[in-house]
Amino acid sequence: MGVEVNRALYRELEFDLNDGKPVVKVKGEVINEKNTLGCWFRVAGTVSGKYTEGRNLLIKTIGKEVFCANYEGYTKWARMGKIAQHGVFIENDIPIVPTKIIYSRSQISDLSCQIAKDWGFPVIAKHEKGYQGKSVRKFETAKEMEKWANKIHEKNLGMFLWQKYLPTRWDIRVIVLDGKAIGGMRRSAVGKEFRSNFSLGGAVEAYELSQKEKELAEKVAEVCGLDYCGVDIMKDEKNNDYILEVNRQCQFQGFEKSTGINVAKMVVEMFLRKE
């Protein structure tokens, strides 16, 4: 396509900040509107959050001259974990899986009683910063749930979402690009594994999105201020839709494999349109 791509690590960023003309460098080269079509970001890791701060500083420094994918979303939410997402979804009438959050050990017993009364077991627990399904757990009984919850350091209890278990063993990943849902992928759990993530061995296949599913995914991208994202939709036994989460740095290997859609090409085309 005649576009040169420069892949860099967050640690290769440099900033020279001043009142006149702040400078951002990547691998020692100044980045500006004259030499750069735009920037596209992967997850900014580290416990300290230093790379998250670096990414956001880059966006705020050059984002008005150089197209930075997901500019609005990053500037509104430096870290958009699952709890923050649920707040945005509720505010904008986006359907979510019934969820409970607690903050102290004294609430654990009451929580399990509420779950038994409101939903019944099993129940799902997710860490708010979990990814690729690695933090998701399923508990079959109140005793099992309470035993595990009591092992968590109390200061970390509030990092978990407790959610109603939906017996559907599949979900839908929708990629939304520049405001449009470009396709859907169905992810199905395999064998005894209840999680459907491709990275955990889930089976993937192309999925024909309904107009309602397209509009729901596009609404999620819009309210979260995202030019590029993956929206995960799950259904219950009555075919009601629930948004599990939005991933603003979603990978697309499994999506391309199952749908035949060239996501990378469409991303480059988006940058060319923003030039």
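Just a yes or no: is a residue in region 52-71 part of a loop (DSSP other than H, G, I, E, B), among the basic types (Lys, Arg), modelled with pLDDT under 95 and outside the structural domain of residue 239 (by TED's automatic domain parsing)? Walk me through how you get there before you give the answer.
Here is the first cut: in region 52-71, the ones part of a loop (DSSP other than H, G, I, E, B) are 63-66, 69-70.
Within this subset, residues satisfying the condition of being among the basic types (Lys, Arg) are 64.
Remaining after also requiring modelled with pLDDT under 95: 64.
If we keep only those that are outside the structural domain of residue 239 (by TED's automatic domain parsing) too, we end up with 64.
Yes, region 52-71 contains at least one residue that is part of a loop (DSSP other than H, G, I, E, B), among the basic types (Lys, Arg), modelled with pLDDT under 95 and outside the structural domain of residue 239 (by TED's automatic domain parsing).
When region 77-118 is examined, which residues are found to be buried (at least 16 other Cβ atoms within 10 Å of the Cβ) and of a type in the set (Phe, Trp, Tyr)?
If the condition is that a residue be buried (at least 16 other Cβ atoms within 10 Å of the Cβ) and of a type in the set (Phe, Trp, Tyr), then 77, 89 are the ones that fit.
Out of the residues in region 1-48 meeting the condition of being more than 15 Å from residue 69 (Cβ to Cβ), surrounded by 14 or more Cβ atoms within 10 Å (Cβ to Cβ) and touching a residue at least 24 places away in the same chain (Cβ under 8 Å), tell me which one is farthest from the chain's Cα centre (by Cα).
Checking each candidate, the answer is 24.
Could you please give the count of residues in region 102-150 that are in a helix (DSSP H, G or I) and β-branched (Val, Ile, Thr)?
Of all residues in region 102-150, those in a helix (DSSP H, G or I) come to 105-118, 142-149.
Now drop any that are not β-branched (Val, Ile, Thr), which leaves 108, 115.
Final tally of qualifying residues: 2.
In region 247-269, how many residues are among the hydroxyl-bearing types (Ser, Thr, Tyr) and modelled with pLDDT of 95 or more? If you could, list the steps in order and put the result at the bottom.
Going residue by residue through region 247-269, those that are among the hydroxyl-bearing types (Ser, Thr, Tyr) are 258-259.
Adding the requirement that they be modelled with pLDDT of 95 or more leaves 259.
Residues in region 247-269 being among the hydroxyl-bearing types (Ser, Thr, Tyr) and modelled with pLDDT of 95 or more: 1 in total.
Just give me the residues in region 124-156 being closer than 27 Å to residue 187 by Cβ, over 25 Å from the mean Cα position of the chain (by Cα) and in contact (Cβ under 8 Å) with a residue 24 or more places away in the chain, in sequence order.
145
Quick grid of which residues meet (1) farther than 30 Å from residue 90 by Cβ; (2) hydrophobic (A, V, I, L, M, F, W, C); (3) more than 16 Å from the chain's Cα centre (by Cα); (4) modelled with pLDDT of 90 or more:
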{"residue": "203", "(1), (2), (3), (4)": "yes, yes, yes, no"}
{"residue": "210", "(1), (2), (3), (4)": "no, no, yes, yes"}
{"residue": "225", "(1), (2), (3), (4)": "no, no, no, yes"}
{"residue": "235", "(1), (2), (3), (4)": "no, no, yes, yes"}
{"residue": "245", "(1), (2), (3), (4)": "no, no, no, yes"}
{"residue": "271", "(1), (2), (3), (4)": "yes, yes, yes, yes"}
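Within region 64-75, can you find the residues that are closer than 20 Å to residue 128 by Cα and surrounded by 15 or more Cβ atoms within 10 Å (Cβ to Cβ)? Working first, answer last.
Just the residues of region 64-75 that are closer than 20 Å to residue 128 by Cα, to begin with: 73-75.
Of everything in region 64-75, those that are closer than 20 Å to residue 128 by Cα and surrounded by 15 or more Cβ atoms within 10 Å (Cβ to Cβ) turn out to be 73, 74.
The values are calculated or read from the model by the stated rules, or taken from the named source; none is laboratory data. No experiment lies behind these values; they were computed from the predicted model shown. A quick note on method: Cβ atoms are made from the backbone with ideal geometry, for glycine too, and the neighbour counts reach across all protein chains shown.
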